[in-house]
Amino acid sequence: MTRILLVEDEENYREPLALNLRRDGFDVVEAQDGAAAIQRFEAAGAPDGPGPIDLVLLDLMLPRMSGAEVCRRIRRTSRVPVIMLTARDAEMDKIAGLELGADDYVTKPYSYRELVARVHAVLRRTAEDAPEESVLTAGRVTMDVSRHEVSVAGKVVPMPKREFELLELFMRHPDRVLTRSQIIGRLWGTNYVGDTKTLDVHVKRIRAKIEEDPSSPKLLTTVRGVGYRLVV
Ligand code: CA
């Protein structure tokens, strides 16, 4: 799930925007000022966090620490795409924003559709720029992430989107215990309120496809009371 950090001090802007983005399937982490933005950005990417931020929507006019300073600090450690939200006709702001390393900017007042189109465009561009390791291997399982293909012992097995994302999460964190809340946060977002049984159903389906004996899993193992671990 694509995770957006939305930094905006004005509640009247932030809340409806967050709501719309969530409705469109994004996981939204909100911050009302620069300090909170930096803190949430770092916390999300930490090992016990919900997962790294994929994109930052950053208002330039923030109290205390400016959006420009937030962008500069984020750029010290990360190449995460940043879209600046700037005031109308503030030409200088736009230039400054891009010089600071922002990927794009949207001028207020913007339409929600326009903003989302920019978000998708920037994410697409970044995905093309970053050919991260797209083939993952664990025992008899091979995943070609860019081709959305899973093979087990050399045979391609069909895998729906959610199962694929869940398996990819495990494959990217081999031998690590992932707690149920971490997994749910990464796949369904931190605001997920549905039935956690869904996760067990997906795990069961994955096991049926990758385990030699699904009734006694050796690869995708249960860590009782905590979560799951992919044993490599
Ligand atoms: Ca503002």
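The values are calculated or read from the model by the stated rules, or taken from the named source; none is laboratory data. Quantities reported herein were computed from a predicted structural model and do not represent experimental measurements. When we count neighbours, we look across all protein chains shown, and the Cβ atoms used for this are built from the backbone with ideal geometry, even at glycine. Heavy atoms of the whole protein, side chains included, go into the accessibility calculation; ligands, DNA and RNA do not. Shrake-Rupley method; radii C 1.70, N 1.55, O 1.52, S 1.80 Å.
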> Which whole-number percent gives the relative contact order of the stretch 1-94, counting Cα pairs below 8 Å spaced six or more residues apart?
Replying inline: 29 percent
> Cβ under 14 Å from Arg224's Cβ, Arg224 left aside: what net charge do those residues give with Lys, Arg +1 and Asp, Glu -1?
Replying inline: +1
> Once amide H atoms are placed 1.01 Å from N in the peptide plane, what residues at a sequence separation of 5 or more from Met65, or on another chain, have their amide H within under 5 Å of its amide H?
Replying inline: Gly34, Ala35
>> What is the percent carbon and sulfur in the accessible area of the stretch 135-230, measuring with a 1.4 Å probe over the protein chains and ignoring ligands?
In response: 53 percent
> What do you reckon, how do Glu212, Glu114, Glu69 stack up by accessible area (1.4 Å probe), largest on top?
Replying inline: Glu212, Glu114, Glu69
> What number, in percent, do you get for the relative contact order of the chain if the mean sequence gap of Cα pairs under 8 Å and at least 6 apart is divided by its residue count?
Replying inline: 15 percent
>> How tilted is helix 161-172 with respect to the longest principal axis of the chain? Cα atoms for both, answer in degrees (0 to 90, nearest 10).
In response: 90 degrees
> Between Thr198 and Ala127, what length comes free when the chain is fully extended (0.36 nm per residue of separation minus the Cα-Cα distance, one decimal in nm)?
Replying inline: 22.7 nm
> So what's the gap between the Cα centers of the stretch 20-53 and the stretch 155-201, to the nearest angstrom?
Replying inline: 19 Å
> How about the stretch 160-232: which chymotrypsin sites (Phe, Trp or Tyr not before Pro) there lie in a loop by DSSP and see at most 16 other Cβ atoms within 10 Å?
Replying inline: Tyr192
> Around Val232, which amide H atoms from residues at least 5 apart in sequence, or from another chain, sit under 5 Å from its own amide H, with H modelled in the peptide plane?
Replying inline: Asp175
> Going by alpha carbons, how many degrees (0 to 90, nearest 10) lie between the helix axis of 34-45 and the longest principal axis of the chain?
Replying inline: 10 degrees
> Given +1 on the Cβ of Lys and Arg, -1 on the Cβ of Asp and Glu, and no further charges, what dipole in debye does the chain carry about its Cα centre, rounded to the nearest 20?
Replying inline: 880 debye
> In degrees between 0 and 90, to the nearest 10, how far off the longest principal axis of the chain does helix 67-77 point, with axes built from Cα atoms?
Replying inline: 40 degrees
> Given a 1.4 Å probe and the protein chains all in place, what does the accessible area of Glu11 round to, in Å² to the nearest 10?
Replying inline: 100 Å²
> What accessible area, in Å² to the nearest ten, does a 1.4 Å probe give for Arg75?
Replying inline: 70 Å²
>> Using DSSP to call loops (not H, G, I, E or B), can you name the trypsin sites (Lys or Arg not before Pro) in the stretch 176-213 whose Cβ has at most 10 other Cβ atoms within 10 angstrom?
In response: none
> Tell me, what is the per residue accessible area of the chain in Å², probe radius 1.4 Å?
Replying inline: 53 Å²
> Where does each of Val232, Val82 land when they are ordered by accessible area, with a 1.4 Å probe and the largest first?
Replying inline: Val232, Val82
